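J.: Take this structure first; my questions come after.
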Amino acid sequence: MKVAVLGAGAGGAASVAELVQAGHEVHFWARSAGTLEPHVALGGVAYEGKLGEGVARPGLITTDLAAAIAGVDVAVVVLPTFSHSAIAGALAAAGWPSEKPVVLNPGHTGGALEFAETFSRTGRAAPPVVEFSTLTYVARKYRPDGVTVSGRAKELKAAVLGGDAAALDVAALLYPGVKPVADVIASDLSNVNMILHPPGAVLAAAWVEATGGAFTFYVDAMTPGVARIMKKLDDERLAVARAFGHDLPNLIEEMKLLGTVEADVEDTSDFRAAIAGGEANKRIKGPDSLEYRYYKEDFGHGLLPFLELARIAEVETPVARSLYNLAEIAVGTDYRQGGRTAEAMGIAGLTRDQLIEKVRVQ
């Protein structure tokens, strides 16, 4: 299959490595020439870890979006979730065909809805949008031309907005382990990061600013108090899911499926022990500032769309609301400005039943 991988961060680099290894013809795109320059010099992406070790050599490395998508069968967007609206507009302007699927790896919460809404505002029909609940990889770019992959999801929830289930077949061909769920609300609410990051991000904010991230986020900062708040936040997520007709696993059960909690963990109610004991989590450092992606991404594009869904479902979410309000104050920002609001997702004013109808797979 011919694939455009859009994004040259750790997730994009890991995707290039996996897709090239699998025999797909890959075009590798990023907006920044500076980011791509080391990959151009190497002729590809150096990789190590769970995907093995070597250099993956895509057929094209470019900052030209039109060239990157020319003739490809599918576009895989591996960008921060706050970039989804911008890349949707850019793809529409570059002539992305409405019949060809786009895969958001990850879509997190509301990604498919926001992407499709932005695309359709250009006056063109939105393509089928496949949304992954979280990124396929635990990965970091410790060198500018390469990626270290410490984890690879074993099972990844995905749903499609628009079109039919054929787009999910394409996504599953590219990323083995994809598990289709009923609709994008189910994949939205399977986003582990919106539960995993905000409690520690808020409660460790002083530590972040004082140390510049010189602590482990999932071990040092996973204290009993943080874990208790995380458990309550997860209970709210599950309640919202039930209001939309979805019975989802709790956070620890979900992380076991992903592979970021060890498969032999039996007590899925002990959030602290399960998360701190995950091999993929142990060495991950804390945020180095309040500009880190946990603050930029997981509130305005995680908790905010979650709160919008909860409002439509008429479910009270006091823990999510408190964490969201505290983050806005600590960071000194208004997450609704440029955030994933109901308006941005095209769901403002909808009732629960109307939203369910909107996301139903044809």
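The values are calculated or read from the model by the stated rules, or taken from the named source; none is laboratory data. Predicted model, so just to flag it, every value in this text is computed and none were measured. Glycine gets a Cβ as well: all are built from the backbone with ideal geometry, and neighbour counts include every protein chain shown. Just so you know, the surface numbers come from the protein's heavy atoms only, side chains and all, with ligands and any DNA or RNA stripped out. Shrake-Rupley method; radii C 1.70, N 1.55, O 1.52, S 1.80 Å.
J.: Do we find that Gly43 is out of contact with any Asp or Glu (no Cβ under 7 Å at 6 or more places or on another chain), over 18 Å from Pro128 (Cα atoms) and modelled with pLDDT of 95 or more in this structure?
T.: Details: out of contact with any Asp or Glu (no Cβ under 7 Å at 6 or more places or on another chain): yes; over 18 Å from Pro128 (Cα atoms): yes; modelled with pLDDT of 95 or more: yes.
Judged against the criteria, Gly43 is a match.
J.: Oh, and also: Which ones in region 127-144 are touching a strand residue (DSSP E or B) at 6+ places or on another chain (Cβ under 6 Å), farther than 21 Å from Leu196 by Cβ and open to solvent by 30 Å² or more (accessible area, probe 1.4 Å)?
T.: Passing the criteria: only Tyr142.
J.: Can you say whether Ala205 is modelled with pLDDT of 95 or more, over 30 Å from Ala46 (Cα atoms) and buried (at least 17 other Cβ atoms within 10 Å of the Cβ), as far as the supplied structure shows?
T.: Working: modelled with pLDDT of 95 or more: yes; over 30 Å from Ala46 (Cα atoms): yes; buried (at least 17 other Cβ atoms within 10 Å of the Cβ): yes.
In short, yes.
J.: Shifting gears a bit: Cβ-Cβ under 6 Å, sequence separation 6+ or interchain: first residue in region 214-226 and within 12 Å of Arg283 (Cα to Cα), partner surrounded by 16 or more Cβ atoms within 10 Å (Cβ to Cβ) and polar (S, T, N, Q). Which pairs?
T.: Tyr218/Asn281
J.: Quick check on this structure: which one of Leu309, Leu251, Leu257, Leu304 is under 20 Å from Pro106 (Cβ atoms), hydrophobic (A, V, I, L, M, F, W, C) and at pLDDT below 95?
T.: Leu257
J.: Here are the criteria: (1) within 29 Å of Ala112 (Cβ to Cβ); (2) in contact with an Asp or Glu (Cβ under 8 Å, 6 or more places away or on another chain). Tell me which single one Asp235 does not satisfy.
T.: Here Asp235 meets the rest and fails (2).
J.: Please identify the pairs in which a residue from region 50-72 that is over 17 Å from Trp96 (Cα atoms) has its Cβ atom under 6 Å from the Cβ atom of a residue that is in a strand (DSSP E or B) and not hydrophobic (A, V, I, L, M, F, W, C), counting only partners at least 6 apart or on another chain.
T.: The qualifying pairs are Lys50/Arg152; Gly59/Glu25; Leu60/His27.
J.: Working only within region 145-157, note down all residues that are buried (at least 19 other Cβ atoms within 10 Å of the Cβ) and touching a Leu at 6+ places or on another chain (Cβ under 6 Å).
T.: The first filter runs over region 145-157 and keeps only residues buried (at least 19 other Cβ atoms within 10 Å of the Cβ), leaving 146-149, 151-153, 156-157.
Result: Val149, Ala153.
J.: Answer yes if at least one residue in region 182-199 is more than 17 Å from the chain's Cα centre (by Cα) and free of Cβ contacts under 8 Å to residues at least 24 places away in the same chain, and no otherwise.
T.: no
J.: Taking only region 168-200 into account, find how many residues are under 23 Å from Ser98 (Cα atoms), in a helix (DSSP H, G or I) and open to solvent by 10 Å² or more (accessible area, probe 1.4 Å).
T.: 5
J.: Among (1) of a type outside the set (Val, Ile, Thr); (2) in contact with a Ser or Thr (Cβ under 9 Å, 6 or more places away or on another chain); (3) within 28 Å of Tyr175 (Cβ to Cβ), there is one condition Lys231 misses while meeting the rest; what is its number?
T.: Status for Lys231: all satisfied but (3).
J.: Just to be sure before I move on: is Tyr324 within 17 Å of the chain's Cα centre (by Cα), within 15 Å of Ala204 (Cα to Cα) and among the aromatic types (Phe, Trp, Tyr) in the structure I sent?
T.: It is false that Tyr324 is within 17 Å of the chain's Cα centre (by Cα), within 15 Å of Ala204 (Cα to Cα) and among the aromatic types (Phe, Trp, Tyr).
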